[in-house]
Amino acid sequence: MSTNDAELLVKAEEWARAGKKIAIATVIETWGSAPRPVGSHLVIDAEGNFLGSVSGGCVEGAVVAEAAEVIASGEPRLLEFGVADETAWRVGLSCGGKIAVRVEPVT
Amino acid sequence: MNLEQLAAVNRLIARHEPVATVTALEEGLLPGDRLTVLKPEEVSHQPYAGAILEAFRTGRSGIVEAEGRRFFINVHLPPVKLVITGAVHISQALADIARIAGLDCTIIDPRTAFATEERFAGTRVLAEWPEDALPRLGLNRYTAFVALTHDPKIDDPGLLAALRAGCFYIGALGSRKTHARRQERLLKSGFTSDDVARIHAPIGLDIGAVSPAEIAVSIAAEIIAAMRAKRRAE
């Protein structure tokens, strides 16, 4: 079980050593009410398995999808999420806050 | 980040040493050049040294700008320590909760029938008297101390050490009557009534807890409330 961010990084190392291609997503900035503090991690593998959270469940699906492309390209990405109804087609945060999430591959 | 950098961070976290990762946020850098893993003593040569030291001091991660570049500092501080006297039923549940909540838990009990690895899988258990074990553990203001044996011979030395060390949370199990007698003993040891009033007793938030696991939840909640007191006041 990996419920805190220190354990998540240990799990990330285990996955990488087992030969999995993985990415680590990190909350690097928050504005207003944000569900998870700066520094929170989500660890994702190429099959879409993930551990941890960057938003308590609101935008993880989108981050996991972006992570697949980060793993494939080897290039980090910066994602921003705002309120859910801002753009109807995009996921977002119902709490009204805004977060920036950096997704980077472990090479 | 590469695997060696990730492993270096994990090694320091496992040793309970503070560590920060500093990520350059601009584009076009080689992956290995984007990230630096730093211990506090390695910070001084960095252009953003002040901001990193501030992050180590406060435990707050965030973005800084230095020399026209943007960096993300992610700081990992050692976990808050929880020291318990009494390898009892409540401690078994409390040790599990502590692990999930990211507290670094140690249990002390000289009674070898209680202090077994089998009863506390995954938690550090010392089958020693508190007088012997506590100096090694280095109690300080980032430590929570909990006395759960009901036995003054085991609990009192721990409470004395916790009061002297200024632990941010001190709690002791026992009825109001038991605690009144405990207060008298501590006052005779030279502590003031203000010192003694720092001890949370009856222990735990009042949620009407009955089972050992429920009592452990109430104690953990009280520890977290003390740990986040500043945030709650904001």
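The values are calculated or read from the model by the stated rules, or taken from the named source; none is laboratory data. Given the structure is predicted, the values throughout are model-derived calculations rather than measurements. All Cβ positions, even for glycine, are placed from backbone atoms using ideal geometry, and neighbour counts span all protein chains on display. Accessible surface areas use protein heavy atoms only, side chains included; no ligands, DNA or RNA. Shrake-Rupley method; radii C 1.70, N 1.55, O 1.52, S 1.80 Å.
Of B:Thr149, B:Thr192, the order by accessible heavy-atom surface (1.4 Å probe, DNA, RNA and ligands excluded), from most exposed downward, is B:Thr192, B:Thr149. In chain B, the longest principal axis of the Cα atoms and the axis of helix B:212-227 are about 50 degrees apart. Where both partners of a DSSP beta bridge lie in the protein assembly as shown, what percent of those bridges are antiparallel, to the nearest 5? Restricted to the protein assembly as shown, the bridges split so that about 65 percent are antiparallel. Taking each DSSP H run with n ≥ 4 as -39500 (n - 2.57) and averaging over every residue of the protein assembly as shown yields -11000 deg cm²/dmol at 222 nm. Just A:Val54, A:Val64, A:Val38 to compare: in a GNM of chain A, with alpha carbon springs under 10 Å, which one fluctuates most? Fluctuation is largest for A:Val38. Using a/c under 1.5 as the rounded threshold, could you call region A:1-82 rounded, prolate or oblate? The axes a ≥ b ≥ c are square roots of the C-alpha gyration tensor eigenvalues, and prolate needs a/b larger than b/c, oblate otherwise. Because a/c hits 1.5 or more and a/b fails to exceed b/c, region A:1-82 counts as oblate.
Filter the trypsin sites (Lys or Arg not before Pro) in region B:110-141 to those in DSSP coil with at most 11 other Cβ atoms within 10 Å of their Cβ, and list the result.
For trypsin sites (Lys or Arg not before Pro) across region B:110-141 that sit outside H, G, I, E and B with at most 11 neighbouring Cβ atoms in 10 Å, the list reads B:Arg141.
Accessible surface ranking for A:Glu75, A:Glu29, 1.4 angstrom probe, highest first: A:Glu75, A:Glu29. In the context of the full protein assembly, B:Lys153 retains an accessible surface of approximately 130 Å², using a probe radius of 1.4 Å and ignoring ligands and nucleic acids. Shown for region B:99-125: residues covered by the partner protein chains by 10 Å² or more of accessible area relative to the chain by itself (probe radius 1.4 Å), namely B:Arg99, B:Ile100, B:Gly102. Placing unit charges on the Cβ atoms only, positive for Lys and Arg and negative for Asp and Glu, gives region B:3-76 a dipole magnitude near 280 debye about its Cα centre. If you sort the three axes of the alpha carbon gyration tensor as a ≥ b ≥ c, you get a/c of 1.5 or more for region B:3-76 and a/b no higher than b/c, which makes it oblate. Taking the C-alpha atoms only, the angle from helix A:60-73 to the longest principal axis of chain A is near 50 degrees.
When accessible surface is computed with a 1.4 Å probe, chains A and B are found to bury approximately 2000 Å² between them, both chains counted. Once the partner protein chains are put back, region A:15-36 shows a loss of at least 30 square angstrom of accessible area, versus the chain by itself, at A:Arg17, A:Ile28, A:Glu29 (probe 1.4 Å, ligands and nucleic acids excluded). Computed with a 1.4 Å probe over protein heavy atoms only, the accessible surface of chain B comes to 51 Å² per residue. Of the whole protein surface, B:Ser61 contributes about 30 Å² of accessible area at a 1.4 Å probe radius. Selection among B:Val19, B:Phe71, B:Leu3 by position relative to the dipole of region B:1-75 gives B:Val19 as farthest towards the positive end (Cβ unit charges, Cα centre).
Subtracting the Cα-Cα distance of B:Glu41 and B:Lys177 from their residue separation scaled by 0.36 nm leaves 44.0 nm. Carbon-plus-sulfur accessible fraction, chain A (probe radius 1.4 Å, protein heavy atoms only): 52%. Peptide A:6-12 is shielded by partner chain Cβ atoms: per residue, an average of 5 of them sit within 10 Å of its Cβ. Element breakdown for region B:3-76 at a 1.4 angstrom probe: carbon and sulfur atoms account for 49% of the accessible area.
Mind running the shape call on the protein assembly as shown? Use the C-alpha gyration tensor, a ≥ b ≥ c as the square roots of the eigenvalues: rounded below 1.5 for a/c, prolate if a/b tops b/c, oblate otherwise.
prolate
Where does helix B:176-188 land angle-wise versus the long Cα axis of chain B, in degrees 0 to 90, nearest 10? It is inclined by approximately 80 degrees.
Using a 1.4 angstrom probe with every protein chain in place, what is the largest-first accessible-area order of A:Ile71, B:Ile97?
If we order A:Ile71, B:Ile97 from most to least accessible, we get B:Ile97, A:Ile71.
Within chain B, DSSP assigns beta bridges of which about 45% are antiparallel (rounded to the nearest 5).
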